[in-house]
Structure formats: C-alpha cells, structure tokens
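Below: one structure, written as structure tokens.
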Amino acid sequence: MHRLKSAVQVIEQTCSKAKDNVMELEQSENYDSLTKSILQASMASDSLLSHVSVWSSYHTSLDSGLVHDLTEQMTDTSKKTAGNVVKLLQGCENEIDSMVSESYKQLTHSIEFLAKITGELAIATETDIAIMNQNSDSTLEQICSSIKQAFLDGVDVFIDRTIQGGVKTANQCEARLNEMMEQKVARNDFCHSVLAKLHMVVLMVRVVLVKCQDIQVELASTFSNTSSDSIKPCSYYPKHYLRAHNMVTETGNLTESTTALFNACLCIPKGM
C-alpha cells in the first residue's frame, strides 16, 4: 500500500506540474521519475491484489460473520484500487487532467480505507503483523503516517466492537437477574444472597467496560487527529498494536468469565 501510494503521488504531482508549466510530459524534468513511478504503481497494484487474495483464502473456513464481511470489503476495495490505478495511468498517458485528479483522490481514499480494514481484520484474526512487532527490524519508518494511522484506526474499531459486545452481555445478564428477582425465583435467603451478589458483580463488570470504552474513544480521537510523525515516534505504532491486542484479549476473558459465573450461579436456585 505504501509503495502504491508513493508512486501515485509522484505521478499526480508530475502531471500537475506539467499542466501548470504548459508542457508535454516527455519534456518534464521529472519524466524519468514519472516512468519509474508508473512501473512501480502497476507492480504494486498487482502485488496488492495477489496478497489480498492469498490472505483472504486463509479466513474462508472461519465461522465469523465479521471476518467474512471484512474479507469481502478488503477484496472489493483492492479491486477498486486497482481499477483507479488503471484510470490514473490512462489519464496520465492521454494527458487528461480531470481523470488524473479524480482517480488520485479516489486512490488516496481507497488505500487508507484498505489499511483500516486490514487493521481490523488483523486484530480480529490475531494475525502476527511483522511491522507491528517491537523487535522487528522492518521498514516501519518508511511507511507514511496516514497508512499506519489508518491501520490503527481499524484496530480501534475492533476494540470498540469487543467492548460493546461485553457491555451487551452484561446488560443481558442484568436483565435476566432482575427478572428472576421480580419472580422471586430464590427459594431461601442463601439463594437470594447469591443472586444479589451476582447482580453486583455484573453491574461492576459493566461499569468497568463502559469506562474502558470511554477511555478508548478518547485515546482513539486524540491520536487519530495527530498526523505528524515527529509527534508519534516509530515505537508508538507497535506499542499501540500490542495494547490493542491485550485489550481485546482481556475484554474477551472478562466477558467469558462473567458469563460462566452467571450460568454457574443460576444453577443454585434451581437446584435447592
């Protein structure tokens, strides 16, 4: 994605300069750079389609509606991106300024949207992303900040989904407990005490999750609106991804443990 974005930026800028100076592209001082970028854009587009196809095939057997939807979005967006690359190159070849400008805008949007989908799909499938490994000697610094931030924006979307799922589970447990208390299901003081304490635990879990969600929204909003790499050191991105992974894991564990405790405690009034 980074190579593709870099290439189309050079193509758009070269075409724009040629237009402003009223000259043929072949006469432009950046013509050599233009031809290299055209080749790079074409190769990056083909590589993107290939990688998306391979990655998508890994998730076909997963029983997850969300993963299936994200995979479809990723595939569709990569195809649209490739189509816009073709339009950009056609506009450049035929010196159609409007086609170059429009396809460039669509490419910028689709590349960042694709990075966002990739981020959400990566955290949802617990995929090991090499460039997000703190011990990696990768080229993370070379990737533009907008793509890295878009990736993390997608990660944050999945964190929000996970927390919302936990809150929904807590609400369902609370509603069920309220219903049981109103129906006086508890047969003695002990059973009533168990349900009352379980009710308190469920409320506390929901409060914790809601607070986590508030903090997550604030963090996501703060960092998403900060685009300068000078403010965000390279180490920020893998640390953010690691924190996100831990947040998703612990939220899932808390939700599962609460559900297990809820089901276990419900057996007490029924069995006494």
Checklist line | Residue identified as at pLDDT below 85, closer than 16 Å to T118 by Cβ and among the polar types (S, T, N, Q) among S57, S53 | finding: S57
Item checked: Those residues of region 76-105 which are surrounded by fewer than 17 Cβ atoms within 10 Å (Cβ to Cβ), in contact (Cβ under 8 Å) with a residue 12 or more places away in the chain and under 26 Å from F158 (Cβ atoms), in sequence order -> K79, K80
Next item on the list: Inspect all residues belonging to region 161-174 and state whether any of them is in a helix (DSSP H, G or I), over 25 Å from the mean Cα position of the chain (by Cα) and without any contact (Cβ under 8 Å) to a residue 24 or more places away in the chain.
Entry: yes
Check: Given the conditions (1) surrounded by 13 or more Cβ atoms within 10 Å (Cβ to Cβ); (2) at pLDDT below 85; (3) aliphatic (A, V, I, L, M), which single one is not true for I231?
Finding: (1)
Check: Got at least one residue in region 55-69 being closer than 22 Å to Q9 by Cβ, part of a helix (DSSP H, G or I) and of a type in the set (G, A, S)?
Finding: no
Check: If you check every pair at least six apart or on different chains, which have Cβ atoms under 6 Å apart with a residue in region 109-125 that is under 17 Å from Y237 (Cβ atoms) first and a residue that is crowded, with 24+ Cβ neighbours inside 10 Å and β-branched (V, I, T) second?
Finding: G119/V155; I123/V155
Margin query: Could you list, ordered by first residue, the pairs with Cβ atoms under 7 Å in which the first is in region 43-72 and open to solvent by less than 80 Å² (accessible area, probe 1.4 Å) and the second is outside any helix (DSSP H, G or I) and at pLDDT below 85, at least 6 apart or interchain?
Written below: L48/M1; V67/H59; T71/H59
Notebook entry, point to check: So which of Q27, Q9 ends up being at pLDDT below 90, within 29 Å of the chain's Cα centre (by Cα) and either open to solvent by 20 Å² or more (accessible area, probe 1.4 Å) or more than 19 Å from L121 (Cα to Cα) (or both)?
Noted result: Q9
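The values are calculated or read from the model by the stated rules, or taken from the named source; none is laboratory data. From a predicted model like this one, the values you see are computed outputs, not experimental measurements. So basically every Cβ, Gly included, is an ideal-geometry build from the backbone, and we count neighbours across all protein chains shown. For the accessible areas, the whole protein counts, side chains as well, though only heavy atoms, and no ligand, DNA or RNA atoms are used. Shrake-Rupley method; radii C 1.70, N 1.55, O 1.52, S 1.80 Å.
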